[in-house]
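S.K.: Dropping the structure in here first, questions after.
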Amino acid sequence: MMRVIATCVVLSAIAASAGGCGYADANATFVPEMLRYKTTVPQPEIIPDVKAMLRENPANVFSTRAPPKNIQVSVPRRKPSGPGWTACVRADVAGVTGRSIGVKTYLLSIDQGAIGDRRLADDSSGCGSETYEPV
């Protein structure tokens, strides 16, 4: 009889600690694991390696007919308007004829580890105030 009462007390304690929703805190070691909230481990944020992307395939940004010189990139930043990254790239580019046009700066959009879009940077892109490193 005492054993039945002790079992009821233990089960009542477990049920009380589990709360009204039926689950206890994920760190509550006195509660069986099946009655604890499941926690997810946050995945580390992977910052894209823009330098490596440009070294492997500069044609993602620049024309293959007129290879750029003195390529420099900024540190990637989170997109302010959604998932993904942005980075600024500047280089001394040449026209299709091979004659230098000068230094051009591009704003890159990077999604899922790949350069998705590029456009000439303007005043609103923030590329003018970035710090650049050579590729």
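Throughout, read-outs are computed from the coordinates displayed, never taken from laboratory work. Please read all numbers here as calculations on a predicted model, not as lab measurements.
S.K.: Calculate, in nm to one decimal, what D122 and R78 gain on full extension: separation in residues at 0.36 nm each, minus their alpha carbon distance.
M.R.: 14.0 nm
S.K.: Tell me, in nm to one decimal, what length is gained between A114 and N57 on full extension, where the rule is 0.36 nm per residue of separation less the Cα-Cα distance?
M.R.: 19.4 nm
S.K.: Can I ask one more? Could you give the distance between the Cα centres of the range 99-114 and the range 68-83, to the whole Å?
M.R.: 8
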